Every structure is written in C-alpha cells, then in structure tokens.
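Okay, so here's the structure we're looking at.
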Amino acid sequence: MNFFRTIWRIIHKQIILPFQESYAPTHEVSLGTTIGLIWSMTPLVGVQMYLGLGTWLILRLFRIRFYLPIAIAMIWITNPVTLPFFYSLFYWIGKQVLLLFGIPFQQISFDTLLAISKESESMDLISGLYHWTIFLFDKMGLPMFVGGFAFGIPLALLGYPITYRLLNSYRARRAQEEGISLKEWELKHVRKDVGLFAAKSP
C-alpha cells in the first residue's frame, strides 16, 4: 500500500501539479503534452530533455509555441525507474511490426532483457545506464526505435485532445469557484503574452 501511495505522490507532483499550476493558454499546454510524449516514448533516456528543448527552440522560429514545463513533465514518464518496463514494451511492439513487414533483425529473449536489467541494477546509476545504453544500441536498436515510435506517436496524438478537455474541465471548476465563466477566468488568469517565462497576468 505504501508503494502505491509513493507512486501516486510522484505522479501528482511530477505530472498533475504542472498542469494544474499552469497559466499558459490551453492549446500551448496541450501541444506541450504531445511534444513531451513523442520524445518520452523513444529509447533516448538521457538526451530526451535536450531534444524537447531543441524542439521548443526550433518551433519558436516558426511561431509555433508549446508550454515547455509540461513537455518536460511528460518526458520524465520514462526515467531510470521505468526504463525496464518501457524498453521491454518498445522492443516487443517493434518486434511485432518488423515481423509483420518481414524486416530482419536480431531477436532478444525476455530472459536476456531480465538479465541485463538485473546486471544494471547491481551497478551504480551511471554505470547501469551506460550498460543499458550499450546493450540497447548494439542489440535492440531497430526494434526499440520502431516500437517506441509505433507506440508513442498515437499516444502523443491522443495526448492533445485529452489534455485540452481535462484542462478546460479543471479550469471551468476553478472559474465556477470564483463565480465567473470559463472565458472570464481565462481573461483574468491566463497570460496574454506568449513568452515562456511570462508571469501570470494580473
């Protein structure tokens, strides 16, 4: 029971609170979810945040904006604790896709994955991540990347409308508590400018 409470506290702090405390426009928050999920569902743990930041900078050149803190929150879904689960999932999905299209690759058994996971756990954090990374690119690269994108892209596309709806629902409740409409609440609280570090409008 304590384990589930701990997991819930992590989810609440790392994922739910960034949404609730955001005063960015709804579409920017929703796009942040999509961008974050795209990068989090790739086997690139360690560089995902840099990729998220790079995406934010590049899209700004085209006047497309998303809320970076939400993207980072989504990226942190894949972390050193969740790596074994997601890597196994990516590999299995990628293997099915490659088999479906008849693309050759080196198959890895679940026992091998489990052994690598246990070896990594017996090391310190840096050594364990390095051990996983070498194994990933040497033995699992193609299925992992195929599986990550096959799983992550649909999830990321769903993330936009789900975030939009949930955030609007949450803000509507906040507006009701203040005795105003959602539109009035947004005019009062949502920032009017488009800078990342803009303060909440008065």
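The values are calculated or read from the model by the stated rules, or taken from the named source; none is laboratory data. Small disclaimer: the values here were computed from a predicted structure and weren't measured. All Cβ positions, even for glycine, are placed from backbone atoms using ideal geometry, and neighbour counts span all protein chains on display. The area values use the complete protein model at the heavy-atom level, side chains included, leaving out ligands, DNA and RNA. Shrake-Rupley method; radii C 1.70, N 1.55, O 1.52, S 1.80 Å.
Open to solvent by 40 Å² or more (accessible area, probe 1.4 Å), closer than 27 Å to R165 by Cβ and modelled with pLDDT of 90 or more: which single residue out of W56, W39 fits that description? Before the answer, list the steps.
On the way: W56 fails: open to solvent by 40 Å² or more (accessible area, probe 1.4 Å).
Being open to solvent by 40 Å² or more (accessible area, probe 1.4 Å), closer than 27 Å to R165 by Cβ and modelled with pLDDT of 90 or more holds for just one of W56, W39, which is W39.
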Taking first residues from segment 91-111 that are of a type in the set (V, I, T) and second residues anywhere that are open to solvent by 70 Å² or more (accessible area, probe 1.4 Å), the pairs with Cβ under 9 Å that are 6 or more apart or on different chains are V97/I103; I103/L142; I108/K139
Complete set of residues in segment 6-34 that are open to solvent by less than 20 Å² (accessible area, probe 1.4 Å) and either under 11 Å from the mean Cα position of the chain (by Cα) or of a type in the set (V, I, T) (or both): T26, V29, G32, T33, T34
Since L98 meets every condition but one in (1) open to solvent by 50 Å² or more (accessible area, probe 1.4 Å); (2) modelled with pLDDT of 85 or more; (3) of a type outside the set (G, A, S), which condition does it not meet? (1)
Breaking point among (1) among the charged types (D, E, K, R); (2) at positive phi; (3) part of a helix (DSSP H, G or I), for R63: (3)
Quick check on segment 172-195. Is at least one of its residues modelled with pLDDT of 90 or more, loosely packed, with under 13 Cβ neighbours inside 10 Å and within 28 Å of M41 (Cα to Cα)? no
Go through the residues of segment 65-85 one by one and say whether even a single one is over 18 Å from I162 (Cα atoms), touching a Leu at 6+ places or on another chain (Cβ under 8 Å), open to solvent by less than 60 Å² (accessible area, probe 1.4 Å) and among the aromatic types (F, W, Y). no
